[in-house]
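Please treat every number below as a calculation from the coordinates, not as lab data. These numbers come from a predicted model, not from an experiment. Cβ: placed from backbone, ideal geometry, glycine included. Neighbour counts: every protein chain shown.
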Amino acid sequence: MQRDALNLLHGNNAGSLLVTFCICIALVFGFDNNPEVSLKVYWLALVCVLFLYRYWDMYHWRKYLKGKEYDASKPMLRFTIARYLTAFAFSAYSIVFFESMDIIELACTIVILSAMAGGASTVLAAHKGLALSYAFILLTPLSVLCLFANEEYQNIFGILGLIFVVVMFSSAKYSNQFTIESILTKHQNSDLLQQMELKNKEILEVNASLESKVQKRTEQIFELSNIDPLTKLFNRNAFSENLKLLLDSCELHDSSLAVLFIDLDGFKAINDSHGHAIGDKVLIETSTRLSAQADMKQCLCRWGGDEFLIALQDCDVERALEFANNLIFNLSLPITIEHHELHVGATIGIAMYPEHGTDEAKLITLADTAMYVQKQLAKSDVCVFTEQMGETLQREIKLKEGLSQAIKNDELFVVFQPVIDSKSGQVGFCEALLRWKLNGELVSPMEFIPVAEQHGLIHSIGAWVLHESCKLASKWTFDETVDLSINVSVAQLMHGDLVSIVKSALAGSQLPAENLHIEITESIFAQDISYVLEQMKALQRIGIKVSVDDFGTGFSSLALLQSLSADVVKIDQSFIKSIDEGGKAIIQATQYMANELGYSVVAEGVETKQQADTLSEMGVECLQGFYFSKPMKTGELELWHEAFKAQRN
Ligand code: C2E
Ligand code: CA
Ligand code: CA
């Protein structure tokens, strides 16, 4: 408040100082007939000192205080004293020189002092004391002197002067009130402004915090919908969208792109044996290695489970293959987690833009196909998609879907191929072989059995074969005992419920267990051997004979045969075909072991009389092949048997 008042007072100071100085000059030198001029000059000298002081005060205010926050009490005191001194100087002037003034000078002096008093009522309005008293100090002494003087004109001047003092007093009072109110209003406004600024600041702060919350939330939503929580890589969605953009840019710049589908090998085993927590760490380490090798994070994702995708821009097939091979090398390096040294491999399929496809979904599917085909061929390797792979996959999908409905649609049936005892010439047993007619097409079991195994359909199909074959065999009306031999897949044997299924098939058909053989292919010995042996023993315990099928093609060795205690060993037909080119040796060795260990030997794929004779001469007990008969439906089998018997006799 006081500061604002002083600012107003000093604001008017320069003008008022100049005017007052001019008045002084006019008063001192304007009336040269006044005898007291020399005394007036002394007065002027004193007043000039006062003016210098006022000038210095004003200069100080302008230079050091104006526009700043300062304590106004002392500067206000200085200003007030200077102004009172000015007023008193004029008042003293009028008293001292009253006697020497003629009528003109007196009139002029009264007018000048009145004008000064009038000006002061507004110029000094910001200081109540000064404003109210200034006119009084300036005019009252001269007016009173006039009032009590001898001349009438002097008395009139006196009265006029006093009236003017009263008028000025009320005018100054009004001006002062107005000025003070203005300052107050200004302060209220500035308070309001300050409050508004504070409010604005608050609003801005709230806004900023809201904005940061919204941003955080947006980031969280982005993460949830785009980032895989475990590996922090992009997920399917984000990758597909990024790939789409990349393909657009490839189209624009006429450049190529490779999509790599990466599937870990051996990850499931780690998960099963070490638990999911360790499995998760393996995935994290894998993603770190992938990130280190990938060009950009946007071109890499976890597709799901242990599958990852990488897109390589401006990349031809050679570079993609080189990149994939390096990746396989890096991913196959041991991973140490909690003192376990773990090993995973990676199989990679590659699809190329634009050769194989132009849209992201197709490229991903084709890279997946290539990976899948490669995985079946050989793990931890890479292959580039070919059109033929696409056809293979289409076919596999068709077979898989067909197979899942095959039992229900009554499309399956069993045929039997007799196995002849080379010594007696009689039928020893018949092998049940499965057939599937899909929309009129007879699909080979060599093609559909692997598909059934791959997709877990072999369990229901295998059970159906067991029941159906036993049922048919139990109705055979041969006049000699003919056993039934049924093929069982590795997956069926490893499942654990095979024995109970076999039992139920036997029970349902009333076929004696002694008349049943179960053929298990030699590749089973790549599995957990003790479990396989346990299963074989369980079958043998209920009187079933166990045959080792396709012997010589896979993993078992002659040494292994020793511990197997199989009832029958079926030598694979490839050795019979190559009997003159080295096949004989393995047949002889197997035959020799058979004599020692007490199992029977069957030679498969006997197609000629010459083969049959050679094998008989070598002492091979049983012969099976087209030379004797193709696989037949059960009705044909009995007719065939009648004819075979007649021919023998
Ligand atoms: P496999 O068990 O080795 O069956 C013998 C295969 O050789 C049969 O083929 C049979 O028709 C064929 N064969 C028999 N004699 C000759 C011959 O003189 N020359 C030639 N070239 N081939 C001959 P098929 O019926 O096509 O069966 C193929 C394979 O499918 C079987 O080989 C077996 O591994 C599998 N399979 C067939 N039925 C079943 C089944 O019910 N369950 C399972 N798990 N596998 C089955
Ligand atoms: Ca077989
Ligand atoms: Ca075989």
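Quick one: work out Rg over Rh on the C-alpha atoms of the stretch 156-295, Rh as Kirkwood radius.
On the Cα set of the stretch 156-295, Rg over Rh gives 1.65.
Given the DSSP H assignment, sum -39500 (n - 2.57) over each helix run of at least 4 residues in the chain and divide by its residue total; what's the result at 222 nm in deg cm²/dmol, nearest 500?
Result for the chain: -20500 deg cm²/dmol, rounded to the nearest 500.
Just rank S422, S100, S578, S143, fewest to most, by other beta-carbon atoms within 10 angstrom.
Neighbour counts put them in this order, fewest first: S578, S100, S422, S143.
What is the distance in Å between the Cα centroid of the stretch 314-382 and that of the stretch 135-159?
Computed from Cα coordinates, the inter-centre distance equals 118 Å.
Relative to the longest principal axis of the chain, what angle (0 to 90°, nearest 10) does the C-alpha long axis of helix 37-60 take?
Around 10 degrees separate the two axes.
Hey, what angle do you get for helix 458-473 against the long axis of the chain, alpha-carbon based, 0 to 90 degrees rounded to 10?
For helix 458-473, the angle is close to 20 degrees.
Could you state the principal axis extents of the C-alpha atoms in the stretch 14-173, from the largest down, to the nearest angstrom?
55, 36, 19
Quote the convex hull volume per residue of the stretch 39-120, based on C-alpha atoms, as a whole number of Å³.
97 Å³
Beta carbons within 10 angstrom, averaged per residue: use that to sort the peptides 626-632, 362-368, highest first.
So the peptides 626-632, 362-368, ranked by packing, come out 362-368, 626-632.
Once you list every other residue whose beta carbon is under 12 Å from the beta carbon of E431, what net charge do they have if Lys and Arg are +1 and Asp and Glu are -1?
Result for the local shell: -2.
If one takes the longest principal axis of the Cα atoms in the chain, at what angle in degrees, from 0 to 90 and to the nearest 10, does the Cα axis of helix 128-147 lie?
10 degrees
Loop only per DSSP, at most 15 neighbouring Cβ atoms within 10 Å: give me the chymotrypsin sites (Phe, Trp or Tyr not before Pro) in the stretch 494-556, ordered by residue number.
Taking the stretch 494-556 and a limit of 15 other Cβ atoms within 10 Å, the loop chymotrypsin sites (Phe, Trp or Tyr not before Pro) found are F555.
Output needed: percent of Cα pairs per 10 Å distance bin for the stretch 82-219, bins running from 0 to the one holding the longest distance.
Pairs per bin, as whole percents: 12, 29, 18, 10, 8, 8, 7, 5, 3, 1.
In the stretch 213-298, how does Rg compare with the Kirkwood Rh, expressed as the Rg/Rh ratio over alpha carbon atoms?
A ratio of 1.06.
Given bins 5 angstrom wide, list per bin the percent of all Cα-Cα distances in the stretch 220-262, short to long.
Reading upward from the zero bin: 5, 21, 22, 20, 15, 11, 5, 1.
For the stretch 513-629, what is one quarter of the convex hull surface built on the Cα atoms, given in nm²?
Average of the hull's projected areas for the stretch 513-629 equals 7.0 nm².
Compute the semi-axes of the equivalent ellipsoid of the chain, taking the square root of 5 times each eigenvalue of the Cα gyration tensor, and list them largest first in whole Å.
129, 23, 20
Between K577 and D248, what's the calculated FRET efficiency when r is the beta-carbon distance and R0 is 41 Å? Round to 0.05.
Here the calculated transfer efficiency is 0.15.
Calculate how many DSSP beta bridges within the chain are antiparallel, expressed in % of all such bridges and rounded to the nearest 5.
For the chain, the DSSP antiparallel bridge percentage is about 60.
Mind checking the log10 I(q)/I(0) for the stretch 342-486 at q = 0.18, 0.19, 0.20 Å⁻¹? Debye, one equal scatterer per Cα, no solvent, two decimals.
Debye intensities relative to I(0), on a log10 scale: -1.03, -1.09, -1.14.
Would you order M618, M101, M168 from fewest to most other beta-carbon atoms within 10 Å of each residue's own beta-carbon?
Lowest to highest Cβ neighbour count: M618, M101, M168.
Using only the alpha-carbon atoms of the stretch 397-471 as identical scatterers, what base-10 log of I(q)/I(0) does the Debye formula give at q = 0.16, 0.27, 0.28 Å⁻¹?
Listed by q, the Debye log ratios stand at -0.60, -1.31, -1.39.
Largest first, please: the extent of the C-alpha atoms of the stretch 406-555 along each principal axis, to the nearest Å.
Over the stretch 406-555, Cα extents along the principal axes are 42, 41, 31 Å.
Beyond a 18 Å Cα-Cα separation, which of these cross-linked pairs lie in this structure: K408/K633; K379/K570; K437/K471; K471/K633; K244/K362?
K408/K633; K379/K570; K437/K471
Based on the alpha-carbon gyration tensor of the stretch 19-62, what equivalent-ellipsoid semi-axes (square roots of 5 times the eigenvalues) come out, in whole Å, largest first?
For the stretch 19-62, the semi-axes come out at 26, 11, 4 Å.
Rule-of-thumb check for the stretch 72-137: C-alpha Rg over 2.2 N^0.38 Å?
1.24
Restrict the search to the stretch 519-607; then list the GluC sites (Glu not before Pro) that DSSP places in a loop and that have at most 14 other Cβ atoms within 10 Å of their Cβ.
E607
Around R302, what is the net charge, scoring Lys/Arg as +1 and Asp/Glu as -1 over all other residues with Cβ under 10 Å from its Cβ?
Here the charged neighbours net out to -1.
Around Q624, with a cut-off of 9 angstrom between Cβ atoms, what is the net charge of the other residues, counting Lys and Arg +1 and Asp and Glu -1?
Residues near Q624 contribute -1 overall.
Which peptide among 327-334, 62-69 comes first, and what is the full order, when sorted by highest mean count of other Cβ atoms within 10 Å?
My ranking of the peptides, most packed first, is 327-334, 62-69.
Taking the Cα centre of the chain as the origin, how large is its charge dipole in debye, to the nearest 20, when only Lys and Arg (+1) and Asp and Glu (-1) carry charge on their Cβ atoms?
3720 debye
Nearest 5 percent is fine: what portion of the DSSP beta bridges confined to the stretch 435-593 is antiparallel?
So the antiparallel bridges amount to about 20 percent of the total.
Order by neighbour count: Y70, Y59, fewest other Cβ atoms within 10 Å first, most last.
Going from sparsest to densest Cβ surroundings: Y59, Y70.
Taking the stretch 528-592 on its own, what percent of its Cα-Cα pair distances exceed 15 Å?
54 percent
When all alpha-carbon pairs of the stretch 252-337 are counted, what percent fall beyond 21 Å?
Beyond 21 Å sits 32 percent of the P(r) for the stretch 252-337.
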